[in-house]
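Comments concern the structure below.
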Amino acid sequence: MASHTAKKTREAHLGSSRSERPRHSAVAWRIRHRACVVVACVVVAALVFASTAVASTWISLNNAVQDGAVKTVFADEEKLDPNEGRPIKFVLIGQDTRDEGNAELSGGMHDGEDNLHNADTTMVVDISADRNFINIVSIPRDSIVDVPDCRTSGGKEIPAQYGVMFNSVFSTAYREGGDLSTAASCTVTAVNALTGMHITNFVVVDFKGLADMIDAIGGVDVCIPVDTVDANTEMDLRKGMHHLDGRQATNYARMRHGTGTDGSDIMRTTRQQYLIKSVIAEAISKNMFTQTSELYQLALAAIRSLNISSGMADTNALVALAFSLRHLDVSHVYAQTVPVVPAPFDPNRVVWADSAAEVWDRLRDDRPLYGDDDATAADADGGDDHDAGDAAATPQPTPSDTDGAASTQTPTQTPSAKPQPTVDPKTGLIRQEDGTLIDPNTNGVVDPETGSIRDTETGQYIGIAYQYLNTTICSVPAKSA
């Protein structure tokens with residue numbers, strides 16, 4: 001390539017007063033030259049302003065991340081690297097505290113609750129390696145479990161516990177260690193022992209933090225399937241779609257009393273899953289080119305509301321992770337409650353069903369909670385050793401000379417197979433001949449009035465039919481009270 005110094009035309013020397021003027025009118029040159037200078041100054045000023053704004057934005061986010069970072073007790077703590085091509089797993093813990101700002105979202109402060117630290121909600125989150133789906137599995141707080149010993153951030157051993165409620169792991173560890181690091185790390189240790197996974201990271205959020213995040217995106221659309229009244233939170237919502245602010249949405253997801261709920265923690269977890277999907281859908285719907293400020297406020301409010309384990313407290317990595325999920329389809333956010341059955345010794349408590357093992361297998365193997373991924377892989381390989389092979393090996397009825405009825409049939413008269421139910425594209429459900437609605441993902445039965453999904457074997461709540469709820473039950477706005 002020719003050198004730039006080989007040019008024979010002389011260029012103006014920006015550092016000299018002897019710059020050669022063009023061979024045309026001096027007046028015209030002065031006007032155009034000044035115009036170019038003005039434009040150049042504007043461009044430079046804009047670039048400087050933009051870079052300064054980006055820098056200050058990054059600094060604000062980074063300061064918020066570092067302020068909320070929590071050191072774990074794990075010697076082999078995994079560092080967040082969204083570019084490694086690996087799944088990202090962490091435990092999301094909703095902390096129940098009754099300090100200022102949280103009390104009004106918790107039904108008020110009661111005697112002896114000023115130092116309360118409970119795990120109100122625990123979810124295991126699995127972001128797939130290809131960033132095409134997210135698995136979210138809720139662990140009921142009332143689950144009776146056995147958990148191993150763990151250590152506080154100060155090195156003190158907390159003995160193993162047997163037959164305890166799952167949410168007590170967090171509160172016990174907080175009491176023994178006196179800090180969030182111990183409480184969250186011991187909760188993650190328990191999750192690993194119960195699921196066979198190896199997770200070292202966590203995110204902790206309280207009620208006010210969730211409310212602040214929802215307010216940062218201007219509220220969220222929530223379908224209320226039945227008239228809901230709760231005196232504890234002063235909630236009074238008519239059936240239909242509502243645009244709720246952070247306080248209203250958080251109270252709805254947490255409520256255990258009043259109408260519209262059976263008072264169980266299991267049912268409440270399904271509303272929490274629904275709210276998370278709704279918040280994700282709301283955030284994804286924002287136009288990054290016209291609503292940059294709103295998205296920045298969401299990011300800042302979210303980070304300020306969270307305590308993130310030190311392995312994930314990397315601003316660049318978090319931004320890269322968010323960017324890698326920009327094309328995520330909300331229908332690929334798979335959420336359910338781990339399958340449970342009533343505890344044999346206490347009907348108000350639950351234990352994990354045998355089918356819970358399959359749920360954790362999928363998360364360990366980076367497979368979506370729903371869908372026949374084995375069959376999909378087999379199709380890509382050109383065959384399946386199971387379903388397709390079994391079907392091919394099954395003897396088919398053929399005409400027989402010794403069977404009069406059969407001998408009169410021709411190939412075109414062979415009875416056709418009974419048509420299988422198909423998924424309704426509007427509702428996302430299967431309607432059986434008797435009118436029963438089936439969720440094709442979980443094979444659970446859907447309540448047509450509330451959209452809640454129950455496990456066919458255990459009868460327990462496992463989720464909410466998100467698409468059915470929004471398109472059918474709440475296809476029209478709610479009427480005012």
Helices (runs of 4 or more DSSP H) lying entirely in region 139-226 (those with 2 or more residues that are among the hydroxyl-bearing types (Ser, Thr, Tyr) and touching a residue at least 12 places away in the same chain (Cβ under 8 Å)): 168-177, 180-195
Qualifying positions in region 424-459 - among the basic types (Lys, Arg) and closer than 19 Å to Arg271 by Cα: Arg454
Condition met for Ala417 (surrounded by fewer than 12 Cβ atoms within 10 Å (Cβ to Cβ) and either in the same structural domain as Leu275 (by the TED database) or at pLDDT 50 or above (or both)): yes
Output for region 248-265, where each listed residue is more than 21 Å from Ile134 (Cα to Cα) and either of a type in the set (Gly, Ala, Ser) or crowded, with 20+ Cβ neighbours inside 10 Å (or both): Gln248, Ala249, Thr250, Asn251, Tyr252, Arg254, Met255, Gly258, Gly260, Gly263, Ser264, Asp265
Flag for Ser285 being among the hydroxyl-bearing types (Ser, Thr, Tyr), surrounded by fewer than 21 Cβ atoms within 10 Å (Cβ to Cβ), in the same structural domain as Asn348 (by the TED database) and over 20 Å from the mean Cα position of the chain (by Cα): no
Residues located in region 232-260, provided they are modelled with pLDDT of 85 or more and small (Gly, Ala, Ser): Gly240, Gly246, Ala249, Ala253
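The values are calculated or read from the model by the stated rules, or taken from the named source; none is laboratory data. On a predicted model such as this, the values are computed, not experimentally measured, just so you know. So basically every Cβ, Gly included, is an ideal-geometry build from the backbone, and we count neighbours across all protein chains shown.
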